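Asks: Okay, handing you the structure first.
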Amino acid sequence: MRRVTPWIILLIFVTLTACGGKKEIKRPSPEAETIKRAFLVAEKIKNAYLRKDRDTLKRYCSRKGYITILSSMKDFDSAILNFQLRWADIKRDKIILYIYWRGSWLLKGKLYKDSGLTAFAFTGSPPMLSDILRANPFSQPQ
């Protein structure tokens, strides 16, 4: 038993010192940071849409993006809209976020539900919504 005890203590000591160092922190890539900023802008646009806050929409959209949202907006009493980022493409100065959305809108006591996959195009720095390429979540309820 006396011979086993020093080996166990040595084994525990080696294990603790080998595994106890500081772990390397991986920093996100510049592309990941850009995508994160664009998605945060998409969330701000969504929240402004739900509040019907046109000033905030104008702040985070280019002229074309703002017109796209305003021309497709329909009236609603209240709404809930959830975004989940599915994919992102970065091409030169354009970021395209593919976002799965699910929403419900209440209009005059009637509940409407819908979902889809939209593609938001962002340009500039900080990113601004320049276009909605498919399945516009802001054109609900239909």
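Asks: List the lysines whose Cα sits under 30 Å from the Cα of K23, skipping any in the same chain fewer than 8 residues away.
Replies: Leaving aside lysines fewer than 8 places away in the same chain, those within reach of K23 are K36.
Asks: Related question: When the chain is fully extended, how far beyond the present Cα-Cα distance does L50 get from K113, taking 0.36 nm per residue of separation?
Replies: Values: separation 63, 0.36 × 63 = 22.68 nm, distance 1.47 nm.
Difference between extended and current length: 21.2 nm.
Asks: In addition: What's the longest uninterrupted piece of the chain once you rule out the trypsin sites (Lys or Arg not before Pro) that are loop residues per DSSP with at most 15 other Cβ within 10 Å? Before the final figure, lay out the partial values.
Replies: Details: sites that count: R2, R3, K22, K23, K26, K52, K74, R92, K108.
Formally, the longest exposed-site-free interval is 109-142.
Asks: Still on this structure, I have one more. Are there any helices in the chain, counted as whole DSSP H runs, that stretch 15 Å or more along their axis by Cα and score at least 0.0 on average by Kyte-Doolittle, and if so which?
Replies: Span-like helices here: 4-19.
Asks: Given the rule -39500 (n - 2.57) for each run of at least 4 DSSP H residues, summed and divided by the residues of the chain, what is its mean residue ellipticity at 222 nm, to the nearest 500 deg cm²/dmol? Present the calculation step by step, with values, prior to reporting the outcome.
Replies: On the way: 4 runs with 55 residues, N = 142.
Using -39500 (n - 2.57) per qualifying helix, the result is -12500 deg cm²/dmol.
Asks: Which value, in debye to the nearest 20, describes the size of the charge dipole of the range 24-142 about its Cα centre when Lys and Arg Cβ atoms bear +1, Asp and Glu Cβ atoms bear -1, and nothing else is charged? Before the final figure, lay out the partial values.
Replies: Numbers: 23 positive and 12 negative charges, 33 e Å.
That gives the range 24-142 a dipole magnitude of about 160 debye.
Asks: While we're on this one: Sort M73, M128 so that the residue with the fewest other Cβ atoms within 10 Å of its own Cβ comes first and the one with the most comes last.
Replies: M73, M128
Asks: Which of these values of volume of the Cα convex hull per residue in Å³ was calculated from the structure shown: (1) 138; (2) 124; (3) 178?
Replies: Answer label, from the structure shown: (3).
Asks: Neighbouring Cβ atoms within 10 Å as the yardstick, rank V14, V41 fewest first.
Replies: On the way: V14 10, V41 21.
Starting with the residue having the fewest Cβ neighbours, the order is V14, V41.
Asks: Mind scanning K52/K113; K26/K94; K26/K52; K91/K113; K46/K110 and naming the pairs with a C-alpha gap bigger than 30 Å?
Replies: Going by Cα-Cα distance, K26/K52; K91/K113 fall outside the 30 Å limit.
Every read-out reported here was derived from the displayed coordinates using simple, explicitly stated rules and does not represent laboratory data. Bear in mind that the values here come from a model prediction, so they are computed numbers and not experimental data. Every residue, glycine as well, gets a Cβ built from its backbone with ideal geometry; the counts of neighbours run over all protein chains shown.
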